[in-house]
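Notes for the one structure printed next.
The values are calculated or read from the model by the stated rules, or taken from the named source; none is laboratory data. Just so you know, these numbers come straight off a predicted model, no measurement behind them. Note that each Cβ is placed from the backbone with ideal geometry, even for glycine, and that neighbours are counted across all protein chains shown. Calculation scope for accessible area: heavy atoms of the full protein, side chains included, ligands and nucleic acids excluded. Shrake-Rupley method; radii C 1.70, N 1.55, O 1.52, S 1.80 Å.
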Amino acid sequence: MAHNNSVTAGESLMRSINSQVILVQVFVALFLCINFLLITTFFMKDFFYTTMRYILFANALLSDSLILILTNVLLIFSYFQMTMQICLCLIIYTLSSIYTLVTPVTLTAMTLERYVAICMPLHHGELCSTHNTMHCILIIHCLSSVPCIVVLSIFFASASLSLYKQYKMCNVELFILETWQIYLRSAINQFYFLSMCIIIIFSYVKIMKVAKAASGENRQSTWKGLRTVILHAFQLLLCLIQLWCPFIEAAVLEIDFMLYRNIRYFNYICFYLAPRCLSPLIYGLRDDVFFHALKYYVLCGFVKNNSFHLTN
């Protein structure tokens, strides 16, 4: 009887896990399609790829798409208990580590762009030129690479050559050989978290002051910019909470394995997938110009929109 109960529980668990994995596949496929439409729309008009906020938006979309693909691959490998060579895992870890941070750093840059546009309108054209935007994207990638470089530098200095040829389950713990490396990585992540929070709060306060002093159409535009900053802050908060997820999961793993799996799945949905699914909503659908362009191309030009053509 006990054996039958355990078999039933195991089958129930397998059905639950199956439904969870299938749900993730649906979400990933859906938002990859949406991102593909948005990226295609971005490249269809030169107005978009000569404007800083849209270039940064496209950078965030590409980063989000890559993270969706990589994390989904790792989820499938983990679900089927598949191993891979450390060298391949090293490549996946490098990309996922860098582009996990590219999104929140890009969101911070987009917030600063809104601050410049609203609080320093006379300097916006100069500071947010296409040339400076390319430099900004380079800086974003350099800043996002720092934690990965630190972790891998220590790993390369400590790991034996034979380790690279081994086959193991791919996860970040493979590259953490000493306990103090965990604290170092945590310190770097917390520094990034604090820095980005300060920038978001500073931009919000400055834009709020301008919004209160503005009038007419300027007031409406400023408040719209302020709402965008708030949405960026919420999206950024979800992105940054994921920096704490490994510590929460490690603590829960000591208590109960099933609870650990459930919390890990919850963290993946809420703090990895969700914030990367908000970008299309914030700039893809809320932005009038981009939304009209998207609708125009999705409907293959059958619906004419004067505001879209006037803007371009």
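What to note about this one:
- Restricting attention to the stretch 103-139, the residues being open to solvent by less than 60 Å² (accessible area, probe 1.4 Å), part of a helix (DSSP H, G or I) and more than 19 Å from Leu238 (Cα to Cα) number 14.
- Tabulated pairs, the stretch 53-75, first within 19 Å of Leu127 (Cβ to Cβ) and part of a helix (DSSP H, G or I), second polar (S, T, N, Q) and open to solvent by 10 Å² or more (accessible area, probe 1.4 Å), C-beta under 8 angstrom, 6+ apart or interchain: Ile55/Thr130
- Residue that is part of a helix (DSSP H, G or I), more than 29 Å from Leu294 (Cα to Cα), open to solvent by 60 Å² or more (accessible area, probe 1.4 Å) and of a type in the set (S, T, N, Q), where the choices are Ser19, Ser78: Ser19
The rows are residues; the columns are (1) surrounded by 13 or more Cβ atoms within 10 Å (Cβ to Cβ); (2) under 28 Å from Tyr272 (Cβ atoms).
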site: Thr179; (1), (2): no, yes
site: Ile200; (1), (2): yes, yes
site: Trp223; (1), (2): yes, no
site: Cys245; (1), (2): yes, yes
site: Leu253; (1), (2): yes, yes
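- Tabulated pairs, the stretch 109-121, first farther than 22 Å from Tyr192 by Cβ, second open to solvent by 30 Å² or more (accessible area, probe 1.4 Å) and assigned to a helix (DSSP H, G or I), C-beta under 7 angstrom, 6+ apart or interchain: Ala117/His124; Ile118/Val210; Cys119/Lys206; Cys119/Val210
- The set of residues from the stretch 225-243 being modelled with pLDDT of 75 or more and outside any helix (DSSP H, G or I) comprises just one member, Gln242.
- Subset of the stretch 44-64 (residues that are open to solvent by 20 Å² or more (accessible area, probe 1.4 Å) and of a type in the set (Ser, Thr, Tyr)): Tyr49, Thr50, Thr51
- Looking only at the stretch 259-285, and only at residues there that are touching a residue at least 60 places away in the same chain (Cβ under 8 Å) and among the hydrophobic types (A, V, I, L, M, F, W, C), the one that is surrounded by the fewest Cβ atoms within 10 Å (Cβ to Cβ): Ile269
- Subset of the stretch 258-290 that is at pLDDT 80 or above and more than 21 Å from Leu101 (Cα to Cα) - its residue that is farthest from the chain's Cα centre (by Cα): Leu259
- The residue of the stretch 158-175 that is surrounded by the fewest Cβ atoms within 10 Å (Cβ to Cβ), among those that are of a type in the set (A, V, I, L, M, F, W, C), part of a helix (DSSP H, G or I) and within 30 Å of the chain's Cα centre (by Cα), is Val172.
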